[in-house]
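**Q** Okay, handing you the structure first.
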Amino acid sequence: MRSDRGQSAPLGLKIAAAGGLLFLHLPILLIFVYAFTTEEKSFVWPPPGLTTQWFAVTWNRPDVWEALSLSIRVAAISTAMALVLGTLCAAAVSQTRFFGRETISLLVILPIALPGIITGIALRSAFALADIPFSFWTIVLGHATFCVVVVYNNAVARFRRTSGSMIEVSMDLGADGFQTFRHVVLPNIATALLAGGMLAFALSFDEVIVTTFTAGQQQTVPIWMLEELIRPRQRPVTNVVAMVVVLVTLLPILLAYYLTRDGDQIAGSGK
């Protein structure tokens, strides 16, 4: 039976694919171009000139550094919390059987299925009822709700493809629970956790809606960008920051893709 994999795609399909990619990525390319424009107060096409001065201006803006620092710290701690909680939930759901297991799995992934505004309103109401003032930690808790889901989805898929017989053999050979996790389980799920962690970091870094409801007067990078678009001082600075955000979020996603694309080659999976 002849395989169709070597056949070239029809011309119409190629044109449609190219048009779809152009539609998705042309606005991002425009952001990159406007980061170099000489026009300060409006977006003019074509740009009247090109300059790199806005990178120096952005570098010297303390409000940019404050927003960037806050976003990185929030994303890092939210990701760390998600790695611990998501891994524990994935291990419990995939490695054991108990009443209500599927319900717990549904509850874990529910935050990412709900619209962000619902999650934001719920968190804001909970903080108000508990009389918790808005702070750095309210943002972290808000971001952790969906970061846990990303890590959980990656970890539970890898756990289910990892043979349980390896854990049994490790225990039979005298290893305790920590040794089994360190030498048997962790090497098999490490790339899934790393990929999930990087995706969680990227999602947290550019989160807007949940942050709006949990940040109070604090400004992460996306909130800062929204404020600058509403009351702009130097429009190209916003595009420079947007370009940095694109790169910061794109690199983890690409790394996560390359780490998990061969995820079916798992030790003990029988393949």
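The values are calculated or read from the model by the stated rules, or taken from the named source; none is laboratory data. Nothing here was measured: the structure is a model prediction, and the numbers come from that model. Every residue, glycine among them, receives a Cβ derived from its backbone with ideal geometry; neighbour counts consider all protein chains shown. Ligands, DNA and RNA are excluded from the accessible area calculation, which covers all protein heavy atoms including side chains. Shrake-Rupley method; radii C 1.70, N 1.55, O 1.52, S 1.80 Å.
**Q** Looking at the calculated P(r) for region 93-152, what percent of the C-alpha pair distances fall above 20 Å? Mind dumping the intermediate values first?
**A** Working: 645 of 1770 pairs.
Value for region 93-152: 36 percent of Cα pairs lie more than 20 Å apart.
**Q** Which peptide among 223-231, 84-92 comes first, and what is the full order, when sorted by highest mean count of other Cβ atoms within 10 Å?
**A** On the way: 223-231: 15.0, 84-92: 19.1.
Highest mean packing first, the order is 84-92, 223-231.
**Q** Classify region 32-94 from the C-alpha gyration tensor, please: rounded if a/c falls under 1.5, else prolate or oblate depending on whether a/b exceeds b/c. Working shown, then result.
**A** Values: a/c = 5.59, a/b = 2.72, b/c = 2.06.
The shape class here is prolate.
**Q** Under a crude label model (7 Å from the Cα following the beta-carbon direction), how far is Ala190 from Lys14 in nanometres?
**A** 4.3 nm
**Q** Follow-up question, since we're still on this one. Extension gain Ala126-Val33, at 0.36 nm per residue separation less the Cα-Cα distance, in nm? Write down the numbers at each step before the final one.
**A** Numbers: separation 93, 0.36 × 93 = 33.48 nm, distance 4.27 nm.
Extra length available between Ala126 and Val33 comes to 29.2 nm.
**Q** Next question. If you take the beta carbon distance between Ile117 and Trp59 as r and set R0 to 41 Å, what does 1/(1 + (r/R0)^6) give as a FRET efficiency, to the nearest 0.05? Numbers along the way, then the final one.
**A** Numbers: r = 34 Å, r/R0 = 0.84.
Result of the calculation: an efficiency of 0.75.
**Q** Separate question: How high is the relative contact order of region 31-85, in percent, counting Cα pairs under 8 Å that sit 6 or more residues apart? Walk me through the intermediate numbers first.
**A** On the way: 23 pairs, mean separation 12.0, N = 55.
Relative contact order, region 31-85: 22 percent.
**Q** Considering only protein heavy atoms, what per residue accessible area in square angstrom results for region 72-114 with a 1.4 angstrom probe?
**A** Details: 2540 Å² over 43 residues.
Solvent-accessible surface per residue comes out at 59 Å².
**Q** Now for a different question. I'd like to compare 47-58, 137-148: which one has the highest average count of other Cβ atoms within 10 Å, and what's the full order after that?
**A** 137-148, 47-58
**Q** Efficiency by 1/(1 + (r/R0)^6): what FRET value for Gln95 and Ser135, r their Cβ-Cβ distance, R0 = 22 Å, to the nearest 0.05? Before the final figure, lay out each step's value.
**A** Details: r = 36 Å, r/R0 = 1.65.
That pair, Gln95 with Ser135, gives E of 0.05.
**Q** Also: Roughly speaking, to the nearest percent, how much of region 1-158's 1.4 Å accessible area is carbon and sulfur?
**A** Details: 7130 of 9900 Å².
Summing carbon and sulfur atoms, their accessible area is 72 percent of the total for region 1-158.
**Q** Further question on the same structure: Taking amide hydrogens as modeled 1.01 Å from N in the peptide plane, which residues meet the under 5 Å criterion relative to Thr37, leaving out close sequence neighbours?
**A** Correct list: Thr51.
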